[in-house]
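The values are calculated or read from the model by the stated rules, or taken from the named source; none is laboratory data. These numbers were taken from a predicted model, which means no experiment stands behind them. Note that each Cβ is placed from the backbone with ideal geometry, even for glycine, and that neighbours are counted across all protein chains shown. We work out accessible area using only protein heavy atoms, side chains counted, and drop any ligands, DNA or RNA first. Shrake-Rupley method; radii C 1.70, N 1.55, O 1.52, S 1.80 Å.
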Amino acid sequence: MASNEHSEHSAVLASPKQPHKSNMNHRQRMDQLYSLPAPLRTFPLPTFIPHNPLSLLYLAYVWISQTLNAPSSNPSPLHQGWWSPETRSIHITDDRSVLALWEQGFYGKGTLSRSEPNWVDREKKRLGAEKGATQSTAEENTLQRRRIRQETKWERARKERNVIDQTRLSEAALEAASFSAAAATMPENVPEICTYSDSSLPASDLEDIAVLVSKASQNPPVGPLELLALPNSLIDLATSLCSGMGLDLSVLPTRNSKSSVCPAPVGPIELLSLPNSAGELLAAQTQMTGHDKSFRAATSSIGLLLGLEVKIVHGTLHITDAEAKVDNAQAKDMQELEYEISNRSVSTVETVQGSSPPETAASMYEHPATPMIKHQKSVRFSPTIEKTTFLPSEPASLGLATSTKAEEEPLAIVNREHFQLTAQESFFLTFALGVLEVLDLVTKNAIPIKELFEIFRRHSSFPPMSTASTSPDDEFMTNYVVYHHFRSLGWCVRGGAKFSCDYMLYQRGPPFTHAEFALLIIPSYTDAYWSKDALLQNYVNRKQARSWTWFHCLNRVITMAKKTLVLVYVDIPKPLSVTEENSMGLDKIFGRYKVREFTVKRWSRDRER
Amino acid sequence: MSSSAPSVAEPISISRIGGRYLIFDIDVVTHLRRAHRICGTPVGTLPRAPQQNVFSGLPMELMPEEACLLVETGVAYIMDDLTWHKENFPVAGHRRSEYLEEVHLIGLRASRAQENALQSRKQTALAKQAAAGARAASLKHIDTADADDEDTISMFHTDRSSSRASSTPTSGSAWAVTPTISYSTSPSQHDSKSQADVSVPSSYPLFVYLHMKGYYMWPGLRFGCDYNVYPGDPMRFHAHFDAVSFDWEEEIDMMHLVGGGRLGTRVKKAFLIGGKDEDKLEEENPVRTFSIEWGGM
């Protein structure tokens, strides 16, 4: 904890007596960097060694010199921060103060960082200015972790997909085998079964066909690229398929008809009423818009698509069969349409086979993603316009990589980040530790502590009060009391907004451990003054009201992050007048508050038996 | 499916007991779930597994919102069980004796049935024994005939018959019956005048709105919200939303949004907030909803 040197600036730097940096492991380096728990210096006496009388002399010398000329434990000059009423925070721009306040007690946060102010490092690394820099920032670590997690998820999805495909294939093979066996036993009696045995994949109902359609047209999305390549709508699907087939789609429906194909699902009823397969969609469309010309075009284009699909699975008849079971009326429509489909399908398959090498249409459908990749959107950012037209095969950014390589000189990056302290933090640093002075932006002078106290209290509500607040339960008072309480108990206290609580308690600091406790501040009006009359009781009830659902929500959020919820009750004393407060002094004012802590844990008798 | 479902005559009676809205009939429960998207929560202990609390059975407790909605749509009416019981349950006079007679008859019928079952079982067992005995006797005749054996058999036999004789008169009497309900659940007996107004929480308009949109709702205390909103039957779907209702002019704490959004996204749901606009009451949908998701999680 103590550094032997008396120089003020030594704490930040490594002292020469300690082992060299390269010999230390990560933990030792962290311990050295964050060796001071508060931005204060301490001056312990040297150890007394009994068998070495010289050490006694040295001890006496140090003691005498320290009593005669007491060294200041505060940094000289004091850290300086600017009060910013707009953001209700203290801004610190001086690098020395920023480093000291972060490393010695973990106060504040960088405005462009998650907590530790490391925007410049990240920026340098991003621009390639620091080649040798190996230490990665917390944000980069998080990004890396997220990337790995994402990849694992996709990998898992791919494996699951593979298993499903395998089972499906084996099942299909089994089924085909059983059908052919059945066909062999009764050769002429049942003509339908003969048609089944013709096709390698007997499709017994529409769902299977739908699966086949989707399987034939799209790879299952087991990666981000496949997900992006998925069509956004059925019309997209038709377009991509037809363009993949090399067909002209001048008859594509207009935007107007697109919206009427199926409404956007905004409720479960709409969701359920969405067509389950292309066949259903087709039937619905013919029912809906039999006469409209543009819709005819739409239907025919999708019918064309369906016709092709049907051709692949040799299941044209079975579509109508399955429909007939479900709904007779619909089946009639389907039969009418089916003529059209089958007529068209013959012609389209012919054109395909004419235009492409002698592959079957099905094999073309297996890989529709290859032509689609070319049509992915790519956004290009460039300071100069090199050219205005781009080929789809070109990489997304062509000029950028070369331009950064061209200028090899080290980049001078201006630090655009500043450091922020909350009102409670800065008041603790000013009032309790005395290592910070807060300056006014207008007068450029240090704000005296009493005035700062008043400013913070006025700004604790929104909009800020114009007159001095005397209410003993404003947010600044309760929060500061709790902050001071836990800071003086040695905890590292940081804001808990991201877990929707008031404060988080760290054992030593954010780089070392996760937060162990989450604090929730609840004002408690136990003083007799607050139950004096109905008006006050109403006020108290309103301030203390919490709903069970809200509490459950909070508790679940915090336990899911493996933290313990602590309810911190702050006993609010009775209010004082302005003159009374002025005569009291700050320590007396804060001394009137009491803090009680309760940990909360959800206990379920069934789970924890 | 609909053909197999038992027909339930509407309006249905919902019993109000101690401020809770309960349904005791399994047919009504399934009907409400199928036809009206009302799920309720089972609160009764399962007789087969009384030592656990994870799975529960009848009765089904309805949220006040659900009960109110059913009453408003005319599907059901509320019946205050206590007052009905006090008014209609025969506590004295000849109706009481009639009632007791009826209960006695039920007990008698049950005991008869039991008796008959026992008798038939005994008959078959005896027949089996007789057949086996005949075979054994024929074998014994071939070997030897032991008098002692016969004695013991007869001794045991008489013993058994005497014990049986002593038990027969008790089994012949009617069983004591404890009726579980004081009236039948069919609505024809009661007039729907026994309706009572249901006091609903302020989140009721949001409930009605989401129900109208076709969602299923379960109470959402587990997830720290007012309702868990399911797109279909909760047995088949995961919830899509955690819905929390706010008054139109109510101040919403930002921390609540953070917590709700975080929780919702963590459990793969969206945090949904909604409220009724008091100025647009005459419009068709005075309720507006917004869903919130936490980015970068």
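Summary of values
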| quantity | calculated |
| --- | --- |
| Ordering of A:66-75, A:46-55 by packing [mean C-beta count within 10 Å, highest first] | A:66-75, A:46-55 |
| Accessible surface buried once B binds A (1.4 Å probe; total of both sides; Å²) | 2000 |
| Total formal charge among the other residues, if their Cβ is under 12 angstrom from that of B:Thr265, Lys/Arg +1 and Asp/Glu -1 | +2 |
| DSSP-loop GluC sites (Glu not before Pro) across the range B:267-297, with at most 11 other Cβ within 10 angstrom | B:Glu282, B:Glu283, B:Glu284 |
| Three-way shape call for the range B:201-297 based on the alpha-carbon gyration tensor, with the a/c threshold at 1.5 | oblate |
| Integer Hz, Karplus 6.51/-1.76/1.60 couplings in order for the range A:569-576, x for Gly and Pro | 8, 10, 6, 8, x, 6, x, 10 |
| Long-range amide H partners of B:Phe241 with built H, under 5 Å | B:Val229, B:Ala270 |
| Exercise: per-residue mean of other protein chain Cβ atoms within 10 Å, B:264-272 | 1 |
| For A:Ser89, distant residues with modelled amide H under 5 Å away | A:Ser84 |
| Cα centroid separation - the range A:561-609 against the range B:79-119, whole Å | 60 |
| Sparse-neighbourhood loop sites, trypsin sites (Lys or Arg not before Pro) in the range B:213-253 - DSSP loop, at most 13 other Cβ within 10 angstrom | B:Arg236 |
| Amide H partners (placed H, <5 Å) of B:Ser13, local residues excluded | B:Tyr77 |
| Peptide ranges A:569-575, B:122-128, B:239-245, A:153-159 listed from the most packed, as the mean C-beta count within 10 angstrom indicates | B:239-245, A:569-575, A:153-159, B:122-128 |
| Tail weight of P(r) past 14 Å, computed on alpha-carbon pairs of the range A:567-609, percent | 64 |
| Partner chain coverage, peptide A:546-559 - average Cβ within 10 angstrom | 6 |
| Probe 1.4 Å, all protein chains present, accessible-area order of A:Trp491, A:Trp603, largest first | A:Trp603, A:Trp491 |
| Given charges at Cβ of Lys, Arg, Asp, Glu: the range A:470-609 dipole, positive-most of A:Gln544, A:Tyr593, A:Asn555 | A:Asn555 |
| Alpha-carbon centroids, the range B:197-221 and the range A:68-104: separation in whole Å | 54 |
| Mean projection area, nm², convex hull over Cα of the range A:433-565 | 11.0 |
| Per DSSP, loop trypsin sites (Lys or Arg not before Pro) in the range A:408-456 with at most 11 further Cβ within 10 Å | A:Arg416, A:Lys444 |
| Shielding by partners - mean other protein chain Cβ count within 10 Å, residues of A:488-500 | 2 |
